[in-house]
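What follows is a short report on a single structure.
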Amino acid sequence: MYQYDNYDQTLVNERAAQFRNQTERFLKGELSEAQFLPLRLMNGLYVQKHAPMLRIAIPYGLLASRQLRMLAHIARTYDKGYGHFTTRQNIQFNWPKLEDVPNVLAELATVQMHAIQTSGNCIRNVTSDHLAGVSQDELEDPRPYCEIIRQWSTLHPEFSFLPRKFKIAINGAAKDRAATQLHDIGLQLVKNERDEVGFEVLVGGGLGRTPIIGVTIRPFLEKKHLLSYLEAILRVYNRYGRRDNKFKARIKILVKELGKEKFTEMVEAEWAAIKDNLLLDLEEIERIRKFFQPPPYETLTDDPPLLEKTAHDSRFAAWFRHNTVPHKVPGYRVVFLSLKTPGKPPGDLTESQMDSVADLADRYSFGEIRVTHTQNLVLADVKQADLLELWQEIQALGLATPNIGTATDIICCPGLDFCSLANATSIPIANGIQHIFDNLDYLYDLGDIRINISGCMNGCGHHTVGHIGILGVDKKGEEWYQITLGGSSGKDASLGERLGPSVSKEQICLAVEAIFQTYRDQRLEDEAFLETVRRIGMRPFQERVYGDN
Amino acid sequence: MEIIKDGHVVTNDWRHLSDDEVLPEQAITVSVQRWKSEKDRLLTGGVPLGLRLNSDDSLEELAADLGFFSIIVLEFRKFTDGRSFSLARLLRERYGFDRELRARGDFLRDQIFFLSRVGINAFEPNGSANLQEMLPALQEFSVKYQAAVDVKEPLYRRRK
Ligand code: HEM
Ligand code: SF4
């Protein structure tokens, strides 16, 4: 994991001091609401329904155990004892007092954490694959580039007042676990015909009220040009992005209005003028890469007694099958901690769970934890021989629900329970759907299904790219839900298609169940839910959900 | 009236001429529109000239004229409009403008660190801002990760 040196540490300290000054000026009336707004947003501070909401950065989802312990401390001391992991691999606290936020930031700075650029119209926290460095399908570890971009984008003097927020994601694996096609800039590590590794550059993806899938504007970018190319894209966007209408201010609209060719031409022209002055040194890439070296793995072989253990205990077997995945190093395995316990808000973790997870990370996984964009946690480097013991501990914490990737592993925004922008509740809908499955065999029979729920069209819950997407809409003061089918944020990214008229709160879980039933009736052998939807289209699902009439 | 220039509070010696005012015998800045329509007259007026650029003015069109100006003023009509941050950098780095580059209008104390990094060396905020109190904001951060107008090398090349 990247280790802060004096420079990095000084910067977060200075940022905390600056925010203390800004908050004081606001509380004294020297800054107006309107002036304080972008300043606090750039520090992840929203003013929400019940209280301010503070979003803390977890760069590319990577956390050290001491950092997680600090988050536990913050939850305990300044909030109501829990935090909420988000689809952008960050964490949000829903109840801090504005006066306390400077102290929260000062405490976070002691463990190299902060809230810099977790919101506001600037380059946001860079996201990546939660299996970076350990998966078998990886061309190259994307995290050194994430860190290089983190440093480049932090307090970038030219790009801190953009037309809108700006999100960058990087993926290094064959599978896309970072939703790169749905970001303002997506970077995919690829090999060219000369066997050199570089980046495919995608631009103009995004969710929200106008969801769009990004387009490739450069199939191959040499590593040394990474920052100059980003700078060129950002400058074109900063100068020519629409500022007259906040809904049209995203780069996706600029790309759409100009057309991919014209946009690409402008970026290339800008890039040509700066590229030789802004080369990224290959030695710097190497220096940063050293921070992401594999941990001191033992020399092991894959553990045959494991199979026996799974044979003995069917609950362990189910957890092993669903909540762990292969590791590239023999004798190790990747473990998911499910934050999707039925009946709990998806993505929530209590302060005591945070402390315990930090301890488990120390004992079983080199002291590191990762946050996934599906709102779960990962211990990436667990010895297979430790799995049974670890499982028992995780079970005691309530984080062993064997449901990763299944229909109860739901992405869900806070909705009407916390968010002042919401049209409808979302957490209770997630819980309602989880409730359908009192029988795990039924859950597993449905296989991989991604259900995503947002309480309004801002799309924080990624509903447009759910295999089943659920969007809260307001109808004359009542909560209704719009269903989409067929979305995906993976390599085969697609936007869901609307099923039909929205359904009432009473009906939404029944409708989802009808969708499951239709799939069971219609699927071919081994066909996953998404494939069935793509093959048979909306019709059979509509008939089942809305009746034939 | 006073402004901040090169880190100090100093007297402003430029008059920002509106488009219908008669030419005074004094250093003036003019809008792009006035510059375009009265270029010849302004050049023979015998007073030092400056240009005021809005965030949506086309820099590319004016590139050939930059040598006529002793000052360029970037007008901030709204502090959230970040276009002039790019204009400043382009003026300094691409067009080699090395004289006074001034931010004027609606910007915040909290932005002057960023503005100074993109090459702006003078600040003329709206209204009654306390300029002395603003000065420390120029040094709010001692760490600068990126190369910009003020530092030519990214931090990683300067790291010890
Ligand atoms: C209660 C606090 C929250 C507020 C006020 C809030 C506000 C917003 C707003 C206004 C947008 C609209 C963006 C646009 O128009 O493009 C948005 C989008 C988004 N938010 Fe939130 N949000 C909140 C919580 C969350 C949470 C909990 C998550 C993660 C689970 C999240 C992740 C996202 C994502 C991924 C997008 C989509 C952005 C895109 O790529 O277009 N937000 N949010
Ligand atoms: S999708 Fe809407 S309701 Fe949900 S968190 Fe985002 S803004 Fe709030």
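The values are calculated or read from the model by the stated rules, or taken from the named source; none is laboratory data. Worth saying up front: this structure is predicted, and the values here are computed from it rather than measured. Note that we place each Cβ from the backbone using ideal geometry, even for glycine, and neighbour counts take in every protein chain shown.
Here are a few things to note about the model shown:
- The lone exception for A:Ala178 - which of (1) within 14 Å of chain B (Cβ to nearest Cβ); (2) assigned to a loop (DSSP other than H, G, I, E, B); (3) aliphatic (A, V, I, L, M) it fails: (1)
- Per-region count, segment A:238-270, residues touching an Asp or Glu at 6+ places or on another chain (Cβ under 8 Å) and more than 13 Å from chain B (Cβ to nearest Cβ): 3
- When A:Gly331, A:Gly343 are screened for being more than 19 Å from the chain's Cα centre (by Cα), surrounded by fewer than 18 Cβ atoms within 10 Å (Cβ to Cβ) and more than 22 Å from A:Gly461 (Cβ to Cβ), only A:Gly331 passes.
- In segment A:426-444, the residue that is farthest from A:Gln482 (Cα to Cα) out of those that are more than 9 Å from ligand 2 (Cβ to nearest atom) and crowded, with 22+ Cβ neighbours inside 10 Å is A:Leu443.
- Of the criteria (1) away from chain A (no Cβ under 11 Å); (2) outside any loop (DSSP other than H, G, I, E, B), which one B:Val47 fails: (2)
- Index of the failed condition, A:Ala528 passing every other in (1) surrounded by 20 or more Cβ atoms within 10 Å (Cβ to Cβ); (2) under 25 Å from the mean Cα position of the chain (by Cα): (1)
- In summary, helices (runs of 4 or more DSSP H) completely within segment A:207-322 and bearing 2 or more residues that are under 30 Å from B:Arg159 (Cβ atoms) occur at A:226-240, A:260-274, A:282-289.
- Options A:Ile449, A:Ile536, A:Ile453; residue that is hydrophobic (A, V, I, L, M, F, W, C) and over 18 Å from the mean Cα position of the chain (by Cα): A:Ile536
- The one condition in (1) surrounded by fewer than 14 Cβ atoms within 10 Å (Cβ to Cβ); (2) more than 12 Å from chain B (Cβ to nearest Cβ) that A:Glu286 fails to fulfil: (2)
- All positions within segment B:50-86 that are within 14 Å of another protein chain (Cβ to nearest Cβ) and in a loop (DSSP other than H, G, I, E, B): B:Asn54, B:Ser55, B:Asp56, B:Asp57, B:Ser58, B:Arg77, B:Lys78, B:Phe79, B:Thr80, B:Asp81, B:Gly82
- Considering segment B:87-160, the qualifying helices (runs of 4 or more DSSP H), each wholly inside and each with 1 or more residues that are more than 7 Å from chain A (Cβ to nearest Cβ) and touching a Pro at 6+ places or on another chain (Cβ under 9 Å), run over B:112-117, B:131-134.
- Helices (runs of 4 or more DSSP H) enclosed by segment A:415-527 - at least 3 residues per element that are more than 16 Å from ligand 1 (Cβ to nearest atom), touching a Gly at 6+ places or on another chain (Cβ under 8 Å) and within 20 Å of A:Lys340 (Cβ to Cβ): none
- Complete set of residues in segment A:273-324 that are free of Cβ contacts under 8 Å to residues at least 40 places away in the same chain and polar (S, T, N, Q): A:Gln293, A:Thr299, A:Thr301, A:Thr310, A:Ser314
- Only a single item in (1) modelled with pLDDT of 95 or more; (2) exposed (fewer than 14 other Cβ atoms within 10 Å of the Cβ); (3) within 21 Å of A:Ser160 (Cβ to Cβ) is not met by B:Asn126, and it is number (1).
- Residues of segment A:381-402 that are in a strand (DSSP E or B) and either assigned by the TED database to the domain that holds A:Arg143 or touching a Lys or Arg at 6+ places or on another chain (Cβ under 6 Å) (or both): A:Val382 alone.
- Candidates A:Tyr2, A:Tyr60 - the one that is on the phi > 0 side of the Ramachandran plot and away from chain B (no Cβ under 12 Å): A:Tyr60
- Here segment A:459-478 is the region considered, the condition is being in contact with a Phe, Trp or Tyr (Cβ under 7 Å, 6 or more places away or on another chain) and in contact (Cβ under 8 Å) with a residue 40 or more places away in the chain, and the residue that is farthest from ligand 2 (Cβ to nearest atom) is A:His467.
Matching residues to (1) buried (at least 18 other Cβ atoms within 10 Å of the Cβ); (2) within 14 Å of another protein chain (Cβ to nearest Cβ); (3) within 19 Å of B:Asp110 (Cα to Cα):
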| residue | (1), (2), (3) |
| --- | --- |
| A:Ala34 | no, yes, yes |
| A:Ala51 | no, no, no |
| A:Ala64 | yes, no, no |
| A:Leu68 | yes, no, no |
| A:Lys80 | no, no, no |
| A:Lys97 | no, no, no |
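- Screening the candidates A:Gly490, A:Gly447, A:Gly405 for the property of being touching a residue at least 60 places away in the same chain (Cβ under 8 Å), outside the structural domain of A:Tyr519 (by the TED database) and more than 16 Å from ligand 2 (Cβ to nearest atom) yields one hit, A:Gly405.
- Selection status of A:Ile74, within 14 Å of chain B (Cβ to nearest Cβ), away from ligand 1 (no atom under 16 Å from the Cβ) and touching a residue at least 12 places away in the same chain (Cβ under 8 Å): no
- Single match in A:Arg124, A:Arg143 (criterion: free of Cβ contacts under 8 Å to residues at least 60 places away in the same chain, closer than 29 Å to A:Gly198 by Cα and outside the structural domain of A:Pro345 (by the TED database)): A:Arg124
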